Amino acid sequence: MKLILAIVGKDDANIVMDALTEQKFQVTKLATTGGFLRAGNTTLLTGVEDGKVSKVIDIISQYSSKRTHIMSGAMPMDLDVNISPTFEVTTGGATIFVLDVDQYEKV
């Protein structure tokens, strides 16, 4: 038995959950906040048999989108110009942890 923790963007959480439950996987949703950009995300928990881990990962991967954001950075104050350069940051997708479970009981 494995416990899968999947951290997905808040924009993708519902569609990922719907896809998992459609395939008969039970999912618990936790609202969380990421450190990078302080963006809202969702941590999904699901317990599955060892042989079904790859199916769950495939579903999460299919429905977790990466997004590009344009960010502005600050220039050093000692420059005589007032410029705020921009750069692209990619967010989204999913971070997935698969943990061994010693005991699982549903009461």
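No lab work stands behind these numbers, since they all come straight from the coordinates. This is a predicted model, so every value here is computed, not measured. Counting neighbours? That spans all protein chains shown, and the Cβs are built from the backbone with ideal geometry, glycine included.
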Taking θ as phi - 60°, what are the ³J(HN,Hα) couplings along the stretch 96-107 by the Karplus curve (6.51, -1.76, 1.60), each to the nearest whole Hz, with x for Gly and Pro?
10, 10, 10, 10, 6, 10, 6, 8, 9, 9, 10, 10
First select every other residue whose beta carbon is under 14 angstrom from the beta carbon of ASP50; then total the charges, Lys and Arg +1, Asp and Glu -1.
0
Along the Cα→Cβ direction, 7 angstrom out, place labels at LEU99 and SER65. What is the inter-label distance in nm?
3.0 nm
What is the extension gain from THR86 to LYS106, computed as 0.36 nm multiplied by their sequence separation minus the C-alpha to C-alpha distance, in nm to one decimal?
2.2 nm
